[in-house]
1. Of ALA518, ALA514, which residue is modelled with pLDDT under 95 and out of contact with any helix residue (DSSP H, G or I) (no Cβ under 6 Å at 6 or more places or on another chain)?
2. With the requirement that a residue be surrounded by fewer than 15 Cβ atoms within 10 Å (Cβ to Cβ) and either under 18 Å from GLU180 (Cβ atoms) or among the hydrophobic types (A, V, I, L, M, F, W, C) (or both), what does region 225-257 give you?
3. Being under 18 Å from GLY473 (Cβ atoms), surrounded by fewer than 18 Cβ atoms within 10 Å (Cβ to Cβ) and either modelled with pLDDT of 95 or more or not hydroxyl-bearing (Ser, Thr, Tyr) (or both): is that true of LYS581 here?
4. Restricting the search to region 110-134, which residues are without any contact (Cβ under 8 Å) to a residue 60 or more places away in the chain and in contact with an Asp or Glu (Cβ under 8 Å, 6 or more places away or on another chain)?
5. Looking at region 598-607, can you tell me whether even one residue there is over 31 Å from the mean Cα position of the chain (by Cα) and modelled with pLDDT under 95?
6. Of all residues in region 613-660, how many are farther than 25 Å from THR494 by Cα, surrounded by 24 or more Cβ atoms within 10 Å (Cβ to Cβ) and either free of Cβ contacts under 8 Å to residues at least 24 places away in the same chain or of a type in the set (A, V, I, L, M) (or both)?
7. Considering only region 317-348, state which residues are at pLDDT 90 or above, small (Gly, Ala, Ser) and either in a strand (DSSP E or B) or farther than 18 Å from ILE275 by Cα (or both).
Amino acid sequence: MRLTTLFSLILLSTVMALAGPRHYSSNIPGDVNADGDVNIADINMVINDILKGTGNTMCDVNEDGDINIGDINMLIKIILEGPDIHITDNGMYMGIIGYNQTLSTKELSLLDTTTVTGFNDFVESLNTQPGRLLYYSVDKALDALNAANCPTNLQNVAVITFTKGLDQGSLMMTDKYDTESEYAAALNSRITNERVYGRPIKAFSVGLLNDNIVDETQFRNNLYALSSDSTKAMEVNTMAEVNNRFQAIADDLVSRNMSETLTLIFPGVGTGTRIRFTLDEIYNNNVENSQVYIEGTFSLKTRSLTDITYHGLTCTAGDSVAATSVDGMFVTLVFDGIQLDSEERIMKDQIREWYWVEDQNNWEASTEFSASQLPEIESTYSSALVMLLLDCSSVLDQDFADLKNAANAFIERMENYNTIPGLFTVNGVSFQMVAVDGGTFEMGVDSAAVEAGLANADELPKHTVDIASFSIGQTEVTQELWTAVMNNNPSGFTGDPQRPVEQVSWEDCQEFIARLNALTGKNFRLPTEAEWEYAARGGSKSRGTIYAGSDEISDVAWYYGNSYAVGADNPNYGTHPVSTKHGNELGLYDMSGNVFEWCNDWYGPYNEEAQANPTGPESGLRRVTRGGSWFSVDRDSRVTYRNYEAPSSRSYSLGLRLAL
């Protein structure tokens, strides 16, 4: 080796040492000495190999079969810019940057049960130092997202930044900007305009206002600049709020972890005909009430739907979709990558087709379209890239331990990314809980309804109730689930395990719930009467219907008219499998009809005072039941109707629904 080359290598090593550490995770290209970082030690190892000619294959960083200055140049690039992230498997990919005067980085890598310990260990290894490279850390996080070789089913791309102060020193790390405001504006432009494999970047900023911050305006401007929209800029006052925000962000990302493929089969029509497929429930046959639909113009020549607009959903199929097959008069279109804006799932039985009739200036329902003949909607888990940025400046002080706890709780939540929120499985049987946002509603009825004979006196007086957020079973507890937990089936109407369990007392339900909680580690319970009525009405999405989801009882309920009056010899006599009628606004089924449902409350009179999360009387003789049953008449199936039974009572019309 020439002396000049040797001198250059030594000089280069010295310069890189003076540049300070840039830490990156192990299992990435460039970690020559396998110590978990790519830094000056790896360069020194390559230089040593070149000088001694030992031919260590680990030093062949660029994998060209030779060990020379090219490998050192590759290491410098990795240290200064970060490595290219190679991702091949689907799933949740997370990276973490702890920033103060330097960046400590765990590169994007798969987060699952086998790797979560490594993420937790990285968080625990972080330490506080003076300085805060806030802008620079966001810049590097965006670089990492853009460098990733993404899975084909990428759905979420997110940056979550926590800070407890203003930027300090980022301008020293780049020569692109002259002022902090210029750097912040550039980052906001990147967040707003850049796409990662066609996906927008969701940027959340959580700022804990520090008493030492003089320029609070700049602090808030930073939060807005580092978020993708104003709703994602969050100023908080305590570390407990930081943890809550992290959990809310995780829930937001997890709720968008699945996309759906919808196959539509419908009769072909003339070229230029406008077609609309509504994907939500239509009331009073008024298509204009739909908030979720696919609309386009049919081309007979190409057998395709063109000029497509998506309302209330996103879809990767594009603005023109050609038929995948044509069978006689019927055309099949496939729409991939659908996600509803409401974060709910498409219900096949709600899909309807409409034609625009020019001379009537109105939509007309298709009589040849049958939702029941459609293939099942396919649900596919998506992948995500998430960068978590943590302020590790000295100002955190005693809050730093709480920040680490919040970060690890976020990691734990994101570890379960590819699971359906609220889905639980016990002994091979799955059941779905539905999150219900809290709110305020008027419980009971007014006196006019009682005077008109439309309601009972015990539904008086109408009173204001505040309800906190909770979860409730999407369906009544089925015989299948009861058997999985209790190893018995007390029901009288058997033959289909998806029928609701009945012949269970309130006391039986308590034993069932105790065993369920032991199996799941959760705290399931019966809903309070107020929670039950709030959910049956549709919660914050309520349309004020008489029954749970409709003013037409036959749309949503198995009741006297279609389940008892038919006679005992009719196959429709008795209970029916859950969720075979339409759901209500929250996607809850059979809250009117099928079986009465136990509530947790003792039965007692209402009072007119406003209440928050009422739990009923402290004692009593009978427990509340709600919702009507398969032999209840219309009047007894209303969302406000109250019933009661002794806690030991059992009947063919009495079951339960879980709350959490």
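1. ALA518
2. Hits for region 225-257 are ALA240, ALA248.
3. Answer is no for this residue.
4. Hits for region 110-134 are LEU110, LEU133.
5. yes
6. Total satisfying the criteria: 2.
7. Correct list: ALA322, SER325, GLY328.
Each row is one residue, and each column tells you yes or no for (1) surrounded by fewer than 20 Cβ atoms within 10 Å (Cβ to Cβ); (2) under 14 Å from ASP590 (Cβ atoms); (3) in the same structural domain as GLU645 (by TED's automatic domain parsing).
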site	(1), (2), (3)
GLU476	no, yes, yes
GLY492	yes, no, yes
GLN503	yes, no, yes
LEU516	no, no, yes
LEU519	yes, no, yes
TYR534	no, no, yes
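The values are calculated or read from the model by the stated rules, or taken from the named source; none is laboratory data. Nothing here was measured: the structure is a model prediction, and the numbers come from that model. Cβ coordinates were reconstructed from backbone atoms using ideal geometry, including for glycine residues, and neighbour counts include every protein chain displayed.
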